[in-house]
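Down below is the structure, laid out as structure tokens.
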Amino acid sequence: MKNVEFKLVLGLWVAVFSLGVGSLIGGGLFGLTGYAIGYTGSSFLFVIVILALLNFVTVMVYAELALSIPDAGGGYAWIKMAFGHSFGHIAGWASWGAHMVACAVYALNIGYYAVAILTQYIIPDTVLWGGNYSWITGIAFAFIVIWFGVNVLGASFSGRFGMYLVLGVLGIIGAYVALGVLTIFTDVPASRANFTELFPKGAWGFITAMGIFSLAYQGSEIVAQGIKELKNPKKDLKKALFYSYGIIVAIYIAVAAVAIFGVHSDGASWSILA
């Protein structure tokens with residue numbers, strides 16, 4: 001078997017933002033938030049916190065396993081060592097399939113948002129040639145091709161590129177949160193009224209929302225998988241995992257809070273967001 005040499009090119013903050021925050025911020029925040037709020041109302045904030053505590057155990061396991069078995073295969077390598085090649089083979093293919101689905105979700109999210117911006121703000125009241133869904137899938141495909149090209153250029157370039165891209169996204173999210181806070185304080189009674197319906201669909205709605213939004217916490221393993229390319233893995237791996245996880249949880253709470261409290265309408269904000 002040919003030995004693969006990895007270049008130690010990823011610093012702490014590249015790992016935090018490109019691998020950690022970048023792998024968690026996509027489909028969950030932009031694709032699942034409103035859907036989950038529709039099931040649980042303003043108690044969605046509790047969903048975020050409970051899931052954060054539950055998944056933190058997984059993050060700690062990733063940290064310990066990656067440092068004990070520092071292999072780029074991540075879960076595949078750990079399961080192969082513990083249970084043998086057959087189970088490792090199954091785990092490897094399962095991981096590959098899960099990552100493929102996640103990338104498709106992220107790409108389709110970009111397509112949906114791009115078409116929404118195009119048809120609502122740039123050329124409003126216009127039906128795109130070939131249908132909007134064709135444009136959504138086309139933009140998603142183009143994004144996948146571009147990101148494939150970025151990764152072909154190597155971990156050093158893709159890591160820095162991903163970090164700057166994530167920082168740009170965080171800047172947009174920060175502006176959204178800041179404007180949302182201003183909106184909340186323009187009419188405090190209306191904002192407070194949005195927190196009256198904690199469980200509009202009961203316990204089952206709350207559990208359903210937890211099941212839906214749990215997908216938003218999947219992806220921390222990518223930091224552990226990058227251990228062979230970290231410049232200082234023993235020092236930086238745990239920091240990268242925990243820093244990125246803390247940033248993500250804070251973002252989820254901030255975005256959900258301004259979304260729930262900042263919608264001022266005759267109807268409940270959770271039903272509008274749904």
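Fully extending the segment from PHE199 to THR183 would add 3.4 nm, taking 0.36 nm per residue of separation and subtracting the current Cα-Cα distance. Here the simple spin-label model places points 7 Å from the Cα toward Cβ, and for LYS239 and SER271 these points are separated by 5.0 nm. Basic side chains Lys and Arg get +1 at the Cβ, acidic Asp and Glu get -1 at the Cβ, and with that the dipole of the chain about its Cα centre reaches some 760 debye. Full extension of the chain segment joining TYR121 with PHE46 gains 23.6 nm, where the gain is 0.36 nm per residue of separation less the Cα-Cα distance.
Here the stretch 202-274 has 62 percent of its accessible surface on carbon and sulfur atoms, given a 1.4 Å probe and all protein chains in place.
In a reduced charge model with +1 at each Lys and Arg Cβ and -1 at each Asp and Glu Cβ, the stretch 195-274 shows a dipole moment near 560 debye about its Cα centre. Of the DSSP H helices in the chain, those with a Cα length along their own long axis of 15 Å or more and a mean Kyte-Doolittle hydropathy reaching -0.5 comprise 44-68, 85-117, 132-152, 155-186, 202-213, 233-262.
The Rg/Rh ratio for the stretch 161-244 is 1.13, where Rg is the radius of gyration of the alpha carbons and Rh is the Kirkwood radius.
Residue ranges 154-163, 242-251, 32-41 sort as 32-41, 242-251, 154-163 when ordered by packing (mean number of other C-beta atoms within 10 Å per residue, highest first).
The values are calculated or read from the model by the stated rules, or taken from the named source; none is laboratory data. Note that the structure is a prediction, hence the values are computed from the model and not measured. Because the Cβ atoms are built from the backbone with ideal geometry, glycine has one as well, and the counts that use them run over all protein chains shown. Please note that ligands, DNA and RNA were not included when accessible areas were found on the heavy atoms of the full protein model with its side chains. Shrake-Rupley method; radii C 1.70, N 1.55, O 1.52, S 1.80 Å.
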